[in-house]
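The structure under discussion appears below in the form of structure tokens.
Just so it is clear, none of the values below were taken in a lab; they were calculated from the coordinates. Predicted model, so just to flag it, every value in this text is computed and none were measured. Positions of Cβ are generated from backbone atoms using ideal geometry, with glycine treated the same way; all protein chains shown enter the neighbour counts.
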Amino acid sequence: LVLYGVSSVLGIGAFAVTIAGDTGTSLVLAVVGIATVIGVRQLRYKEMALLRSGILLPIYDWELVKSDSFRVFLDVGFMIGSYIAAWYITDWHHAVRPVNRELIITVSVASGIQFAVFWISGFYRGTMRHFSIGDVAGIGKTVTLAVLAAGITQAIFPFPERESLLLTMVLDYFFLLFLVIVSRYSFQLLDHFWVRETRGGRRVLLYGANADGVIVLSKILSGELPNLVPVGFLDEDPRMEGKTLNRFPIFGGHWKLPYVMRTMSIDEIILVDHRMPAEALRRVLQNAEESKTRLRVFRMGLEKFTAEVRTAPPNTPMPKTLDAPARA
């Protein structure tokens with residue numbers, strides 16, 4: 001009932017904005033609408049938490065979704081939808097007309113050329129379950145070439161005359177780029193939200209808001225380091241205090257450790273920054289010992305291959321943990 005009421009109020013507000021013709025009235029109604037939306041979000045309806053519930057993640061295990069044919073079908077749909085949207089936005093007078101032969105021919109040729117570029121460039125050799133910055137660059141390059149090829153073809157060959165071809169291709173580029181990136185990043189996004197909502201275990205504080213800290217955080221969130229719940233970061237750089245890294249807060253340096261330990265119920269500290277000043281390291285050890293908090297160090301690097309390493313059983317932890325009482 002609350003949601004129905006809010007929808008009715010916002011609908012009435014939208015109608016009032018269209019007939020008021022007054023900037024002040026529109027501004028007041030906009031503020032009321034924003035305040036209402038914020039109030040509804042505080043109700044925390046379970047039905048609104050699909051991204052956090054993990055209910056969509058099993059879809060990515062379906063054989064159909066993992067197949068190349070599904071990605072091809074998905075991208076062709078994106079190409080057609082993006083071009084049609086760009087077409088109607090740039091040539092708005094076409095919006096009152098039904099789908100005609102001109103639109104069908106143009107969309108078919110443009111989408112066919114774009115798909116040919118996608119296929120020739122080897123775009124479908126990747127996977128939808130793993131996505132990185134390099135994949136974003138690859139998608140940007142492929143989409144750019146595809147849209148340019150479609151635009152050049154329409155400019156050279158006798159298509160129906162278009163006065164706004166350039167603007168159509170620009171809009172088509174941004175629409176298609178957005179849809180393709182979101183579809184490839186969707187698994188990581190859903191998994192990220194789900195892990196934050198469902199993971200339980202020891203609350204850990206990462207000491208080092210750097211590249212290694214991001215790696216440790218990703219390993220925790222992906223489950224490679226099980227039974228750990230990241231709380232945030234500490235870092236000796238005072239300029240980092242108050243900022244966030246991967247949406248986790250950076251509380252400050254060693255001077256904030258007693259406060260964080262007292263207020264955040266920290267169970268464990270993981271040292272990631274191996275270039276800490278000696279005084280900072282001494283205070284961390286002292287605080288960990290006094291609060292009986294487990295202290296471990298994370299190291300990552302190349303090691304020489306030996307027979308001992310070769311014969312070690314899988315998933316054997318490296319002997320690089322450090323408990324605070326023993327170290328002290």
Given 249-257, 205-213, the highest-first ranking by average Cβ count within 10 Å works out to 205-213, 249-257
Please work out how much length the chain gains when fully extended from GLU279 to LEU10, using 0.36 nm per residue of separation minus the C-alpha to C-alpha distance, in nm with one decimal. 91.1 nm
Given Cα pairs under 8 Å that are at least 6 residues apart, what percent is the relative contact order of region 262-303? 56 percent
